[in-house]
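A quick write-up on the structure given underneath.
The values are calculated or read from the model by the stated rules, or taken from the named source; none is laboratory data. Predicted model, so just to flag it, every value in this text is computed and none were measured. Cβ sites come from the backbone with ideal geometry, for glycine too, and all protein chains shown count toward neighbours. Areas reflect the complete protein model, heavy atoms only, side chains present, ligands, DNA and RNA absent. Shrake-Rupley method; radii C 1.70, N 1.55, O 1.52, S 1.80 Å.
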Amino acid sequence: MIMELSWRTSSYTKSDSCVEVADNDPTTVLVRDTKDRDGRTLAFPRLSWSAFVQFAAEGGLGW
């Protein structure tokens, strides 16, 4: 059975120049560019994505 991806953007997105995330798969989080939805998609293990989100929420690199 193939799962239908549920793509979403951040609630902070103010334009279409952003990324979309599909995180409804139990093992993998997919990321794509909103300007090139038919282009390549990055795939991250769920644990790695969670670590990245936590890092960014805590201030990450200070951006």
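Hey, how much of the P(r) for the chain falls beyond 13 Å, as a percent of Cα pairs? Tail of P(r) above 13 Å: 68 percent of Cα pairs. Compared with the alpha-carbon gap, the fully stretched path from E58 to D36 is longer by 5.0 nm at 0.36 nm per residue. Sorted on the mean count of surrounding Cβ atoms within 10 Å across their residues, most packed first, peptides 6-14, 47-55 read 47-55, 6-14. Annotation: per residue accessible area for the chain equals 84 Å², rounded to a whole number [probe 1.4 Å, protein chains only]. Contact order, relative form, for the chain: 21 percent (alpha carbon pairs under 8 Å, 6 or more residues apart, mean separation divided by residue count). Computed over protein heavy atoms with a 1.4 Å probe, the carbon and sulfur contribution to the accessible area of the chain reaches 57%.
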